[in-house]
Every structure is written in C-alpha cells, then in structure tokens.
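Asker: Before we start, here is the structure in question, set down as structure tokens.
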Amino acid sequence: MKDTYQSITKASPEVLFKDRNSKFFGYAFPIKTEEEANQHLEELRSKHHKARHWCYAWQIGKEDFQYRANDDGEPSNSAGMPIYGQIQSFDVTNILIVVVRYFGGVKLGVGGLINAYKTAAQMALEESDILKRTIDEIFVIKFDYPEMNKVMQVIKKNNLNVIDQKLEIDCKIFIAVRKKDAEDIYSKFDNTYKVEISKLDD
C-alpha cells in the first residue's frame, strides 16, 4: 500500500530557458486547490504582461489525483502536456508549474515547443525542494478524565502524533496516523476499556 506522496515545500526560484530568441520562464508553486493555482497564474500574467503565452499544468491530491494541462494558445499538446509530463516524471503532487513564453520572432515548430516547455518545467522542478510526506488518517479518541493515563500510554508507546486535544471533563485527543498503521492503532484504542475512537473524514 502506497502511503507516501511527494510535494514541494515552497515556490521555486524563477528559471529561464532560451531557444532561438524565444524566452521560457519556468515556475513551480505548492498548491492545494485550483483557486490557489488561478491566483498564481493571475500574478504571473500581471508580472509578465508583455509575454505571449502562460502555459501550465497542475496536479492536486494524495491518492485520487485531479490535474489540468493548458496550452494557452500554443499548438495542441505542445505545452501543457509536456509540463504535466514532468510533474509525473518527478512524481510530485499538490503542485502548479507555469512556463511563460516571450516569442522571439522565430517559430520553433511543435517539436521545438515540446522540448522548450518540458525543459523549462524540468529546470523549475530541479530547483525546487521536493519533500516526501506520509498519507495520514486522522482519528479522534474520546474518554473520561480517569482514563487519561491509559490513553497517554498507548500514544507514547506507539510514538503517535497528537495534532490537537481538548481536555475537559470528557476528553478528546486528535491523532494523525500513517495509513499503513491506521488499522493497528485503531484496534489498540478500540480494545481499551472506556475509550472510544473514530476516524475523521478529511
């Protein structure tokens, strides 16, 4: 079971690829929603308002992926898909890659365009910090105060990640558990007297 994914930690530095006087500026951004992608695109359109094309691809999700590739006026599949190919090649998600083109007066042909967009996307990814993360499931553990000791013992023994807690008369502790360990951890709490555990949906 695959329970890890890769993403970038912050926006990449701007990279530049040149071919026959055309300039291709490449950028990679970490995103979680399509709205964030659109926001970055708007910013780049105003930054490079004299450019000819703003081609991009993004992918969102940890297990079920959503993606989009856009040629923005370039010949079909000569820009967006080569950029998306690099997202797949580097095995990253929750990412937007934009390549901004300034036309240099010489047509590059479809092969030249594919190479230019692919290379600018690859350069942006090579300049990015790519981090592997685990796919976690979130559980809430409910219990009364006297059971606190028992619960904390299980948490400590299994080195669990507590992400939030509400400790009042009735207590709630929220934990993040790596997907491959989720079933095991669930049964540990489920078999603990007077302790309830339930999974939180994303």
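The values are calculated or read from the model by the stated rules, or taken from the named source; none is laboratory data. None of these values were measured; they are calculated from a predicted model. Here the Cβ positions follow ideal geometry from the backbone for every residue, glycine too, while neighbour counts run over all protein chains shown. We work out accessible area using only protein heavy atoms, side chains counted, and drop any ligands, DNA or RNA first. Shrake-Rupley method; radii C 1.70, N 1.55, O 1.52, S 1.80 Å.
Asker: Can you give the local net charge around Met148? Use residues other than it whose beta-carbon is closer than 13 angstrom to its beta-carbon, Lys and Arg +1, Asp and Glu -1.
Answerer: +2
Asker: About the Cα centre of the chain, how large is the charge dipole given +1 on each Lys and Arg Cβ and -1 on each Asp and Glu Cβ? Please answer in debye to the nearest 20.
Answerer: It works out to roughly 740 debye.
Asker: Starting from the Cα-Cα distance between Asp190 and Thr33, subtract it from 0.36 nm times their residue separation and give me the gain in nm to one decimal.
Answerer: Extending this stretch completely gives an extra 53.1 nm.
Asker: Now a separate question. With everything on Cα atoms, drop me the angle between helix 148-157 and the longest principal axis of the chain, reported from 0 to 90° to the nearest 10.
Answerer: Computed tilt is about 50 degrees.
Asker: Which residue fluctuates most in the GNM of the chain (Cα springs below 10 Å): Val151, Val92, Val110?
Answerer: Val151
Asker: Where in region 155-202 are there trypsin sites (Lys or Arg not before Pro) that are in a DSSP coil and have at most 16 other Cβ atoms within 10 angstrom of their Cβ? Spell out each step's value before the answer.
Answerer: Details: sites: Lys156, Lys157, Lys166, Lys172, Arg178, Lys179, Lys180, Lys188, Lys194, Lys199; in loops: Lys194.
Those satisfying the criteria are Lys194.
Asker: From the phi of every residue in region 84-89, what ³J(HN,Hα) in whole Hz does the Karplus formula 6.51 cos²θ - 1.76 cosθ + 1.60 yield, where θ is phi - 60° and glycine or proline is x?
Answerer: Per-residue couplings from phi come out as 4, x, 6, 4, 5, 5 Hz.
Asker: Give me the distance in nm between label points sitting 7 Å out from Cα along the Cα-to-Cβ direction at Lys132 and Asn158, one decimal.
Answerer: Going by the 7 Å Cα→Cβ label model, 2.3 nm.
Asker: Then there's this: Rounded to the nearest percent, how much of the accessible area of the chain (1.4 Å probe, protein heavy atoms only) is carbon and sulfur?
Answerer: After summing per-atom areas, the C and S share lands at 46 percent.
Asker: Counting other C-beta atoms within 10 Å, and keeping those with at most 16, which DSSP coil chymotrypsin sites (Phe, Trp or Tyr not before Pro) do you find in region 34-107? Intermediate values should be presented prior to the final figure.
Answerer: On the way: sites: Trp54, Tyr56, Trp58, Phe65, Tyr67, Tyr84, Phe90, Tyr102, Phe103; in loops: Phe65, Phe90, Phe103.
When the chymotrypsin sites (Phe, Trp or Tyr not before Pro) of region 34-107 are filtered for loop state and at most 16 Cβ neighbours within 10 Å, Phe65, Phe103 remain.
Asker: While we're on this one: Return the FRET efficiency for the residue pair Glu42, Tyr67: r is the Cβ-Cβ distance, R0 is 22 Å, and the value is rounded to the nearest 0.05.
Answerer: It comes to 0.65.
Asker: Mind checking which of Phe17, Phe143, Phe25 has the largest fluctuation in a GNM of the chain, springs on alpha carbons under 10 Å?
Answerer: Phe143
Asker: If you don't mind, another one. What is region 1-89's relative contact order, in percent, from Cα pairs under 8 angstrom and six or more apart in sequence?
Answerer: It comes to 18 percent, rounded to a whole number.
Asker: Find me the longest stretch of the chain that has none of the exposed GluC sites (Glu not before Pro), where exposed means in a DSSP loop (not H, G, I, E or B) with at most 11 other Cβ atoms within 10 Å.
Answerer: Values: sites that count: Glu63, Glu168.
Counting only loop sites that pass the neighbour cut-off, the longest clear stretch is 64-167.
Asker: Given the rule -39500 (n - 2.57) for each run of at least 4 DSSP H residues, summed and divided by the residues of the chain, what is its mean residue ellipticity at 222 nm, to the nearest 500 deg cm²/dmol?
Answerer: -9500 deg cm²/dmol
Asker: Compute a Gaussian network model of the chain, connecting alpha carbons closer than 10 Å, and tell me which residue from Val98, Val177, Val162 fluctuates the most.
Answerer: Maximum fluctuation in the GNM of the chain, among the listed residues, is at Val162.
Asker: Ok, one more. List the trypsin sites (Lys or Arg not before Pro) within region 56-150 that DSSP assigns to loop and that have no more than 13 neighbouring Cβ atoms inside 10 Å.
Answerer: Details: sites: Lys62, Arg68, Arg101, Lys107, Lys118, Lys132, Arg133, Lys142, Lys150; in loops: Lys62, Lys107.
Counting only loop positions with at most 13 other Cβ atoms within 10 Å, the trypsin sites (Lys or Arg not before Pro) in region 56-150 are Lys107.
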